[in-house]
Amino acid sequence: MRFANQVAGIAESEGHHPDLSVGWGYCTVRLQTHKIGGLHENDFIMAAKIDALAPVGLTETPKPPTPAGSGPDTTP
């Protein structure tokens, strides 16, 4: 939730509002300029500012844990 709130703060200050999907352990941010039906330079600026919030290694979807009893997780 802290990350989603930080994104909301940036969005308010920039006047550019992404779509957020928030659940337990994830926050998906979708950017587009609805007026033009696609991406604008401002979307990329927002994306860079949002990426700067995320700790290193958390900008990609995490891998699910190994089911219990199936041995150690050897995923890199």
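The values are calculated or read from the model by the stated rules, or taken from the named source; none is laboratory data. From a predicted model like this one, the values you see are computed outputs, not experimental measurements. Here Cβ is always computed from backbone atoms with ideal geometry, including for glycine, and neighbour counts include all displayed protein chains. Quick note on the areas: whole protein, heavy atoms, side chains included, nothing else; ligands and nucleic acids left out. Shrake-Rupley method; radii C 1.70, N 1.55, O 1.52, S 1.80 Å.
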**OP:** Sort out which residues of the stretch 1-39 are of a type in the set (Gly, Ala, Ser), in a helix (DSSP H, G or I) and either modelled with pLDDT under 90 or open to solvent by less than 60 Å² (accessible area, probe 1.4 Å) (or both), and write them in order of number.
**Re:** 4, 8, 9, 11
Original post:
Somewhere in the stretch 40-50, is a residue modelled with pLDDT of 90 or more, aliphatic (A, V, I, L, M) and loosely packed, with under 12 Cβ neighbours inside 10 Å?
Top reply: yes
